[in-house]
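Scroll down for the structure; my scribbles are underneath it.
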Ligand code: AMP
Ligand code: ZN
């Protein structure tokens, strides 16, 4: 029987502001969409936190036995500099500054994004669609919204009519804003742009002559508005109504509000059942952001090369640090906090490595079943990873007590304890024991050096001393020293 039938999962729905019992539209199947990155620069640690938060969600849903289709997009067009409908396209601007093609920018930072998330041991999504790959579908959706009367065309651009939509559909229901507040707080005066009202947002923008990222459409050569791609790609791959939509807290308004408006206007249906928002990673109390420079790059963590850090930390330690906070809480980054996480992480891994040496008894002096259910309860309570981690440390205490002879465990319970710890630590939290990774690397390195030693011997036999010396010298410059002896050649690594 699938685990999800035994466990009652609750998810905090940003739409209702409450934790709700999770029921998918189709039993056993889940459609989940998460807003992906705009690929115009390297992802910072804050971005990574949001993607790690949803990786935890994805992993736990899969662990419960759900079949999850996880769609996460790549924004490679349409995201203008100031998040609103004016300014330069972020990718086009980077391309202009670096004098390269926009698609070179996209490629470079998509690869960086994938490499980085892989280091954090994030699972890849099931589908990763791009905005530029779905221009045709975006044009079709704009046509539908126009037909339904919720959009209008001006000078080759198409805008969503927020005031008209609000009459029957309550624009602002996710972020809790009212149109009146929005009107009161707006600085843009109507009449200054093509929009009927400053609250309206672009579905299609006519491209200025210098705008290089442009596509033909019935209205103009132009490009889609930023919010549209998510509506179009989520609908295409998950249906007009789907289960979970996630993203960082900062996307709630206007991005997700606009997605709801577009979806409801195009199909008449509520697009999303559960809205999930991950909270921000801060540095010195301020949100980590690309634009302000107040951020840390993942590579700086892995190398320790940042003034905020006293040393390097492994990706798993950084991941563990993030998972020690609940995804809906703000988390402030600091070297001290990372150091504490590293200590905890190492303790957890040491315990796991020694679990097989524990003495077993005929009976157990504590209930492993009850402890296991506490692990599930933590995750069932809106993916509460800090409580889960605290519960895993309860197991560490049990294990130490068993070693000391203060508690007893049966063989069967020991298996259950071990398997549950493995499931939650590796499968659900997605942590990696770095000593195992290092052993694997060491093996690969040794194999490579042995191969070079063999090639060098062959070169010497052929009297090709230039090649054999080159192998020895270049290895030496990498800190690998070859020593020729009677038994053959050995090596040492600095
Ligand atoms: P962007 O590439 O700017 O669209 O951001 C990609 C994702 O990272 C979005 O879901 C943002 O909400 C999220 N994000 C941006 N800054 C932070 C931060 N400081 N902490 C957590 N998530 C963030
Ligand atoms: Zn989005």
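Extent along the principal axes, Cα only, for region 248-397: 65, 45, 20 Å, with the longest axis given first. Subtracting the Cα-Cα distance of residue 154 and residue 406 from their residue separation scaled by 0.36 nm leaves 83.0 nm.
In terms of the mean number of neighbouring beta-carbon atoms within 10 Å, the peptides 69-79, 336-346, 151-161 order highest first as 69-79, 151-161, 336-346.
Hydrodynamic radius of region 339-494 by the Kirkwood approach over all distinct alpha-carbon pairs: 19.3 Å.
With both labels modelled 7 Å from their Cα along Cα-to-Cβ, the residue 473 to residue 84 distance reads 6.3 nm. If R0 is taken as 41 Å, the Cβ-Cβ distance between residue 27 and residue 303 corresponds to a FRET efficiency of 0.30.
Residue-normalised convex hull volume from the C-alpha trace of region 18-278: 129 Å³ per residue. Modelled label positions at residue 343 and residue 426, each set 7 Å beyond Cα in the direction of Cβ, lie 2.8 nm from each other.
With 18 Å as the cut-off, how large is the P(r) tail for region 1-48, expressed as percent of Cα-Cα pairs? So the pairs more than 18 Å apart make up 54 percent of the total in region 1-48. Restricted to Cα atoms, region 212-292 shows a radius of gyration and a Dmax of 15.5, 49 angstrom. With N counted as the residues of region 434-493, its alpha-carbon radius of gyration over 2.2 N^0.38 Å works out to 1.22.
For region 193-242, take the alpha-carbon Rg, divide it by the Kirkwood Rh, and send me Rg/Rh. Over the Cα atoms of region 193-242, Rg/Rh equals 1.06.
Looking at region 18-278, the DSSP beta bridges with both ends there are about 40 percent antiparallel. Beta bridges from DSSP with both residues in the chain: antiparallel share about 50 percent, rounded to the nearest 5.
Apply 1/(1 + (r/R0)^6) to the Cβ-Cβ distance of residue 99 and residue 455, taking R0 = 41 Å, and write down the FRET efficiency to the nearest 0.05. That pair, residue 99 with residue 455, gives E of 0.50.
Only Cα pairs under 8 Å and 6+ residues apart enter the sum, and on that basis the relative contact order of the chain stands at 16 percent. Helical runs (DSSP H, four residues minimum) scored at -39500 (n - 2.57) apiece and divided by the length of the chain put the mean residue ellipticity at 222 nm at -14000 deg cm²/dmol. Considering only beta bridges that DSSP places wholly inside region 34-168, some 55 percent are antiparallel. Rounded to two decimals, the Cα radius of gyration of the chain over 2.2 N^0.38 Å is 1.17.
Taking every alpha-carbon pair within region 110-224, the share separated by more than 17 Å comes to 66 percent.
Computed over the alpha carbons of region 1-160, Rg followed by Dmax gives 18.9, 59 Å.
Every number here is computed from the coordinates shown, using simple stated rules; none is lab data. None of the values given here were measured: they were computed from a predicted structure. For neighbour counting, all protein chains shown are included, and Cβ atoms are generated from backbone atoms with ideal geometry for every residue, glycine included.
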